[in-house]
């Protein structure tokens, strides 16, 4: 079935599904506490009517439509409607600050924006004068919108209504436009904030996206009866690939959660058959499990710890290819009944046949922990420019240290600087209006430079060491891989984010952002009063807690890589402050600049540093936190105490 | 044009008086809690009642909602004299309220607490409800839908199944507002909805009060100590002092009223 798809487009796949799977659920949205379903036939009708409405408002081939908001069926429909008319979808990150949003919308020359609610509409209206190309602004949720009277502002229903009138006069208009479309048309303009510089818009054609989707289908078990949870940012290429392209190709149902706050609950209620999540989500799950276990009664905790140790030991033996003795088998069977399955059920993963982590590296300890509990967690590797996919791990080959086998139809080459180069039909058509950036990212013969350093191991798996420019050496020449150390640190439930420094320095030091929830609960248990994040992170008791956690982590690191000094941040890393990308990857260069004073203090041996941190609010306002923060030394691991975790 | 639309297109000060309080007084032994107060509240207005502690604000609300009976004077709601009516009857007529000290069932979920607000609108008897078939089931589904809309309106989706006792103060106030709204009230009496809240929670609550007023067209009578909020969202302000009304008008008029400045706000200006 899949081979026949080359040469098609996303709207044509939608028409096919509306015919062959008319009554099967295509997308669901949880509203008023109930999962409301739309069949493929209804999906198509909604897309068609909205496309007609866009046509009635003058939307032409090559025009751009942007969506801003949480995952909502209508936002997915709007993007497909634009693609039906030969236009391009430009999903924007819903939490972008004003300047970022203006840059992307203007650079992409967006003429139509579909926004989820009043909050997003207000943001766009406040930027209206700077958006010269914008002609139509559409809102999904009408709440609070009654008093708005801008002439270019319309409700989603009004556009569809106008579309039905337009359709009555122009029979078969959308169908004819779809027939005109070619696989080479740009379907998606995906802006990548990147870990450096201004966002760049990667042009992905229907053929690019479908080729990545087909490569996925050939490597992994996907079924039309699958249930998928759409909770990742719509502007992330991973969501476009799974929630739109793969869903259209295979016909499985997408499920939109009720609100960002209910994702965890909705996940458990739905029990998706597969899950893709960035490391952040897996780390949160791990923390949640640890917290709940720490909170349990003595007997339960004893049980949990026994079976956890058993599972982790078995997982290590399994990954080394060694057989398990019969007693372990019996223990694991008991553990499955008493511990592993109930935990998977709590996490919403009892039905998941596979799960992937991608977007950034996940710490091996976290990876092993989740796998040992029976979650078929595997690594996937890709980037926006590769339509989201280059390699993944087949069943039975999961390994925290590699990113798996290169997908069918994809070639990988390692150049002289250890940089990973990729060539396939999924490689993008270039950056929109940035030929220089495109030339820089591509070799003359069609290879895309990923910017990641890596190699192929003996098993035939691709291994990513680090961002090519991040990996470095300590002053004495010892190799220094910051992400490796950071992931070790983040295994602690009390540490939310960590950035390690050490290139050309005598030893390793780290900036640590504490986890407000777990550290907050830990403090409450000790009757330690605090007001907010800044206050909590400056408590000497909390410093001691983190010092012990780092010492524990140091015990698992070779001596040169051990963290000798650290500082607790007085705020969490935030994409609005340029410290992390919207998909929460550390922007190392910005962090290094911003905390230059602290890094100096690390290596000058000072114990205090005056820090003024600028905070950017979502509406673009800025304010500054000024404080004196302590720089701390870590003692040798021997003195570390083990700290119980509470919720 | 429907009645509702016709009403809406009129400025609040021109709309008919929905609730008229005429010369009402209340004594507790020797204490004169409320003395000869008259207020007219028009449909769709937000009217704030302010005044120092013990000025009689809550007593006045208690008389409107039927918790106290006025000694003299009368209260007319949409043409009906409700002075001697029971609290439950007044609630059924469309007067809902929240309390200064939150009055929720701590052991019940958010959903159940709000569902309770629908109680006066339920028709099925005990027997039919136990059998839970036919009309009783249909009725329950219709009420649940209304409650879900309120949960959506107040953005409580993630707390639907949480026990209210475990929620923060600000959230409990929001749940209480939800329960009052579940009555489908024509007029909403809010007794210090922002008391004890931090700035963020106050701003959220002010937003919800405005949304209730604008989206649902509900008249609001508000007792509140936070002057910033009162001045921002009220169409009209009534000032009480020691049981008497000393001023009434727009935020600006009240702020410049000499009696108010000396009696309540102190010597300086706001």
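The values are calculated or read from the model by the stated rules, or taken from the named source; none is laboratory data. Nothing here was measured: the structure is a model prediction, and the numbers come from that model. Cβ coordinates were reconstructed from backbone atoms using ideal geometry, including for glycine residues, and neighbour counts include every protein chain displayed.
How about region A:552-564: which of its residues are outside any loop (DSSP other than H, G, I, E, B) and within 30 Å of the chain's Cα centre (by Cα)? Break it down stepwise before answering.
Just the residues of region A:552-564 that are outside any loop (DSSP other than H, G, I, E, B), to begin with: A:552-554, A:559-561, A:563-564.
Passing the criteria: A:552, A:553, A:554, A:561, A:563.
What do you reckon, is residue B:174 under 17 Å from residue B:113 (Cα atoms) and either part of a helix (DSSP H, G or I) or more than 11 Å from chain A (Cβ to nearest Cβ) (or both)?
yes
State yes or no: is residue A:319 more than 23 Å from residue A:15 (Cα to Cα), within 14 Å of chain B (Cβ to nearest Cβ) and surrounded by fewer than 21 Cβ atoms within 10 Å (Cβ to Cβ)?
No; evaluated as a whole, the condition is false for this residue.
Sort through A:435, A:394 and tell me the only one that's over 30 Å from residue A:322 (Cβ atoms) and modelled with pLDDT of 90 or more.
Working: A:394 fails: over 30 Å from residue A:322 (Cβ atoms).
Within the list A:435, A:394, the selection yields A:435.
Could you list, in sequence order, all residues of region A:138-148 that are at pLDDT 90 or above, assigned to a loop (DSSP other than H, G, I, E, B) and closer than 21 Å to residue B:210 by Cβ?
To start, the set of residues in region A:138-148 that are at pLDDT 90 or above comprises A:138-141.
From the residues that got through so far, the ones that are assigned to a loop (DSSP other than H, G, I, E, B) too are A:140-141.
Within region A:138-148, just A:141 meets the criteria.
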*Quick one: which residue in A:283, A:269 is within 14 Å of chain B (Cβ to nearest Cβ) and either surrounded by fewer than 18 Cβ atoms within 10 Å (Cβ to Cβ) or touching a helix residue (DSSP H, G or I) at 6+ places or on another chain (Cβ under 7 Å) (or both)?*
A:269
*Among (1) within 14 Å of chain A (Cβ to nearest Cβ); (2) in a loop (DSSP other than H, G, I, E, B); (3) buried (at least 17 other Cβ atoms within 10 Å of the Cβ), which single condition is residue B:183 missing?*
(1)
*Options B:167, B:154; residue that is surrounded by 19 or more Cβ atoms within 10 Å (Cβ to Cβ), within 14 Å of chain A (Cβ to nearest Cβ), free of Cβ contacts under 8 Å to residues at least 60 places away in the same chain and in contact with a helix residue (DSSP H, G or I) (Cβ under 6 Å, 6 or more places away or on another chain)*: B:154
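Tell me which helices (runs of 4 or more DSSP H) are completely within region A:429-546 and hold 2 or more residues being surrounded by 20 or more Cβ atoms within 10 Å (Cβ to Cβ), or say none if there are none. Steps first, please.
On the way: elements: A:435-441, A:482-490, A:516-525, A:533-537.
Once the helices (runs of 4 or more DSSP H) in region A:429-546 are filtered for at least 2 residues that are surrounded by 20 or more Cβ atoms within 10 Å (Cβ to Cβ), what remains is A:482-490, A:516-525, A:533-537.
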_Residues of region A:145-165 satisfying the condition of being within 14 Å of chain B (Cβ to nearest Cβ) and either buried (at least 19 other Cβ atoms within 10 Å of the Cβ) or touching a strand residue (DSSP E or B) at 6+ places or on another chain (Cβ under 7 Å) (or both)_ = A:145
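Does residue A:388 count as farther than 22 Å from residue A:452 by Cβ, touching a helix residue (DSSP H, G or I) at 6+ places or on another chain (Cβ under 6 Å) and crowded, with 19+ Cβ neighbours inside 10 Å?
Spelling it out, it is not the case that residue A:388 is farther than 22 Å from residue A:452 by Cβ, touching a helix residue (DSSP H, G or I) at 6+ places or on another chain (Cβ under 6 Å) and crowded, with 19+ Cβ neighbours inside 10 Å.
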*Kindly indicate whether residue B:54 is within 26 Å of residue B:260 (Cβ to Cβ) and either at pLDDT 90 or above or touching a helix residue (DSSP H, G or I) at 6+ places or on another chain (Cβ under 9 Å) (or both).*
no
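Need at least 2 residues that are farther than 16 Å from residue B:187 by Cβ per element, so show me which strands (runs of 3 or more DSSP E) inside region B:14-68 make the cut, counting only ones lying wholly within it. Break it down into steps so the answer makes sense when it comes.
Details: elements: B:17-28, B:31-42, B:46-50.
In region B:14-68, B:17-28, B:31-42 are the strands (runs of 3 or more DSSP E) which contain 2 or more residues that are farther than 16 Å from residue B:187 by Cβ.
Is there a residue being in contact (Cβ under 8 Å) with a residue 12 or more places away in the chain, more than 14 Å from chain B (Cβ to nearest Cβ) and surrounded by fewer than 23 Cβ atoms within 10 Å (Cβ to Cβ) anywhere in region A:28-36? Don't jump to the end; show me each part of the working.
At the first step, the residues of region A:28-36 found to be in contact (Cβ under 8 Å) with a residue 12 or more places away in the chain are A:28-31, A:33, A:35.
Applying the additional criterion that residues be more than 14 Å from chain B (Cβ to nearest Cβ) yields A:28.
If we keep only those that are surrounded by fewer than 23 Cβ atoms within 10 Å (Cβ to Cβ) too, we end up with A:28.
Yes, region A:28-36 has at least one match.
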*Take the residues of region B:227-237 that are without any contact (Cβ under 8 Å) to a residue 60 or more places away in the chain and in contact with a helix residue (DSSP H, G or I) (Cβ under 6 Å, 6 or more places away or on another chain): which is surrounded by the fewest Cβ atoms within 10 Å (Cβ to Cβ)?*
B:231
_Here's a check for you: in region B:126-148, which residue that is loosely packed, with under 15 Cβ neighbours inside 10 Å and modelled with pLDDT of 80 or more is nearest to the other protein chains (Cβ to nearest Cβ)?_
B:145
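For residue B:216, state whether it is within 13 Å of another protein chain (Cβ to nearest Cβ) and either modelled with pLDDT of 90 or more or closer than 30 Å to residue B:41 by Cβ (or both).
Values: within 13 Å of another protein chain (Cβ to nearest Cβ): yes; either modelled with pLDDT of 90 or more or closer than 30 Å to residue B:41 by Cβ (or both): yes.
Yes.
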*Hey, residue B:90 modelled with pLDDT under 90, away from chain A (no Cβ under 14 Å), buried (at least 16 other Cβ atoms within 10 Å of the Cβ) and under 21 Å from residue B:212 (Cβ atoms) or not*: no
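Please enumerate the residues belonging to region A:338-371 that are under 14 Å from residue A:307 (Cβ atoms) and not in a helix (DSSP H, G or I).
Quick first cut of region A:338-371, residues under 14 Å from residue A:307 (Cβ atoms) only: A:338-344, A:369.
Answer for region A:338-371, where residues must be under 14 Å from residue A:307 (Cβ atoms) and not in a helix (DSSP H, G or I): there is none.
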*Residues of region A:362-379 being within 20 Å of residue A:488 (Cα to Cα) and either without any contact (Cβ under 8 Å) to a residue 24 or more places away in the chain or in contact with a strand residue (DSSP E or B) (Cβ under 7 Å, 6 or more places away or on another chain) (or both), which ones?*
A:367, A:370, A:371, A:377, A:378, A:379
*Quick one: would you say residue A:335 is at positive phi and either part of a helix (DSSP H, G or I) or in contact with a helix residue (DSSP H, G or I) (Cβ under 6 Å, 6 or more places away or on another chain) (or both)?*
no
*Scan region A:511-519 and give yes if some residue there is under 24 Å from residue A:595 (Cβ atoms), modelled with pLDDT of 90 or more and out of contact with any strand residue (DSSP E or B) (no Cβ under 8 Å at 6 or more places or on another chain), otherwise no.*
yes
*Among what's in region A:290-302 and is modelled with pLDDT of 90 or more and in a helix (DSSP H, G or I), pick the residue that is nearest to residue A:495 (Cα to Cα).*
A:301
*residue B:196 is checked against (1) within 14 Å of chain A (Cβ to nearest Cβ); (2) touching a helix residue (DSSP H, G or I) at 6+ places or on another chain (Cβ under 6 Å) and fails just one. What number does that condition carry?*
(1)
*Enumerate the pairs (first residue in region A:406-417 and modelled with pLDDT under 90; second residue anywhere and assigned to a loop (DSSP other than H, G, I, E, B)) with beta-carbon separation below 9 Å, excluding pairs fewer than 6 apart on the same chain, so at least 6 apart or on different chains.*
A:415/A:443; A:415/A:447; A:417/A:468
